[in-house]
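Remarks on the structure that follows.
The values are calculated or read from the model by the stated rules, or taken from the named source; none is laboratory data. Keep in mind it's a predicted model, so treat the numbers as computed, not measured. No Cβ is skipped: glycine too gets one built from the backbone with ideal geometry, and neighbour counts run over all protein chains shown.
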Amino acid sequence: MAHKGLIFGIFLAPFHRAGDNPTLAIRRDIELIELLDGLGYDEAWVGEHHSAGWELIASPELVIAATAERTKHIRLGSGVTSLPYHHPYMVAQRFVQLDHMTRGRAMLGCGPGALVSDAFMLAIAPDTQRRRMDESLDAITRLLKCEEPVTMKTDWFEMREARLHLAPYTDPHFKIAVASTQTPAAMVAAGKYGLEVLSLGAGLPGGPEALKNQWKIAEDEAAKHGRTMNKKGWRLVVNMHCAEDDELALAQVRHGEREETVTYFEDTLGRPPGRSDDPLREGVKMGTTLVGSPDTIAKGLRRMMETAGGEIGGFMFRAHEWANRADTYNSFELFARWVMPQFQGSTDTVIASRDWARANRKTIFAPVVSAIKKAYDDAGREAPEDWRKRVTGARDVDDK
């Protein structure tokens, strides 16, 4: 379903505590996307990882194919396909097939590869990954044009008169987005090839403040190639958990957030530990983490948009298991019911109609009261003592 306002969805790495049953964890990921489809979320981006214990999905394409058969509306993307790990011809072929299988709901998210341990096992030097991503995007975008055979040779792949077996289902092709964290490489690629953007750095300390400059990099690069960047294709990726009130929301996720941050990002991946005594509350205060009531979440989204320069395409929430399953599901439902409409305009006419009726209730309801009284009189029956209240539910309607 298309909305006139922001789009919303999830960025599913996924994050599952090491030791959790992986079979059940992957099933939960698919079930979560099914839930979001029913709640009206727009997109789900599924990650690719091969090591370090927490992020279990090796093939986003498999999850996309399985989930596509269980959903109706939500668009499904790789979040992201690590391009240096794959021959670009095979990436293009797989996503063209998914484009057909999903009838246009598939999306290709691209990145250089986030986990150093993945690249290490594949004997890929870290300082080559961003160059390889660029070379792969060059090949993929040329293939998707379906205009002429593509011949390319690099130090890690070769194509000879390559052409796609199938043309894309989507005209001219499915959405392609590049993931950006801190370095300018992704924004340069977005501008160079005319791609959309997933800003993963938006939820990091200092991330919201850096967004304007990051977008400027993409705009400048696009101008060099005769392109114009469209902010409707810019998604900010942040952490979010919603509950009925702020303190309840914080209580629901405090333990899970610490478990993930300490055991995965710090102990496993080596990120320096935070200095705050209450890092979760500090993140909420800084505006990089959105935890609280629907009103608090809505205010946080508006602040982040203002910091980014006002106009963006939407928000993708990093799918975590900070809270238990019931509270996680409730979080996404509360957001869909009370926050999403504020940014998509879906209740504007409903509220306007309510306000109009309330402002004009004396004028609107007075004829109804008179008509009901006349009906009793015409029937020769005496109306009940509280009949006015029964009819209108209002105490201030004059019987005239």
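Table: residues versus (1) under 18 Å from the mean Cα position of the chain (by Cα); (2) more than 25 Å from residue 336 (Cα to Cα); (3) assigned to a strand (DSSP E or B).
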{"site": "15", "(1), (2), (3)": "yes, no, no"}
{"site": "24", "(1), (2), (3)": "no, yes, no"}
{"site": "33", "(1), (2), (3)": "yes, no, no"}
{"site": "37", "(1), (2), (3)": "yes, no, no"}
{"site": "41", "(1), (2), (3)": "yes, no, no"}
{"site": "44", "(1), (2), (3)": "yes, no, yes"}
{"site": "50", "(1), (2), (3)": "no, yes, no"}
{"site": "58", "(1), (2), (3)": "no, yes, no"}
{"site": "64", "(1), (2), (3)": "yes, no, no"}
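Selection within segment 65-77: residues that are under 17 Å from residue 27 (Cα atoms) and of a type outside the set (Lys, Arg). The member of this set that is surrounded by the fewest Cβ atoms within 10 Å (Cβ to Cβ) is 69.
Annotation note: of 217, 140, the sole residue that is over 22 Å from the mean Cα position of the chain (by Cα) and under 17 Å from residue 78 (Cα atoms) is 140. With respect to (1) of a type outside the set (Val, Ile, Thr); (2) over 24 Å from residue 56 (Cβ atoms); (3) at pLDDT 95 or above, the lone exception for residue 214 is condition (3). Of the residues making up segment 101-119, those that are outside any loop (DSSP other than H, G, I, E, B), of a type in the set (A, V, I, L, M) and more than 17 Å from residue 9 (Cα to Cα) number 3.
Only one of the listed residues (370, 346) is surrounded by fewer than 18 Cβ atoms within 10 Å (Cβ to Cβ), touching a residue at least 24 places away in the same chain (Cβ under 8 Å), not in a helix (DSSP H, G or I) and not acidic (Asp, Glu). That residue is 346. The single condition from (1) of a type outside the set (A, V, I, L, M); (2) farther than 23 Å from residue 344 by Cβ; (3) touching a strand residue (DSSP E or B) at 6+ places or on another chain (Cβ under 7 Å) that residue 77 fails is (2). Candidates in segment 120-161 are the residues that are among the small types (Gly, Ala, Ser) and not in a helix (DSSP H, G or I); of these, the one that is surrounded by the most Cβ atoms within 10 Å (Cβ to Cβ) is 125. Screening segment 285-324 for residues that are without any contact (Cβ under 8 Å) to a residue 60 or more places away in the chain and part of a strand (DSSP E or B) and picking the one that is surrounded by the fewest Cβ atoms within 10 Å (Cβ to Cβ) gives 292.
Taking the listed residues 257, 282, the one that is surrounded by fewer than 19 Cβ atoms within 10 Å (Cβ to Cβ), assigned to a helix (DSSP H, G or I) and touching a strand residue (DSSP E or B) at 6+ places or on another chain (Cβ under 9 Å) is 282, with no other qualifying.
Selection of segment 232-245 for residues being crowded, with 16+ Cβ neighbours inside 10 Å and either in a helix (DSSP H, G or I) or of a type in the set (A, V, I, L, M, F, W, C) (or both) yields 233, 234, 236, 237, 238, 240, 242, 243.
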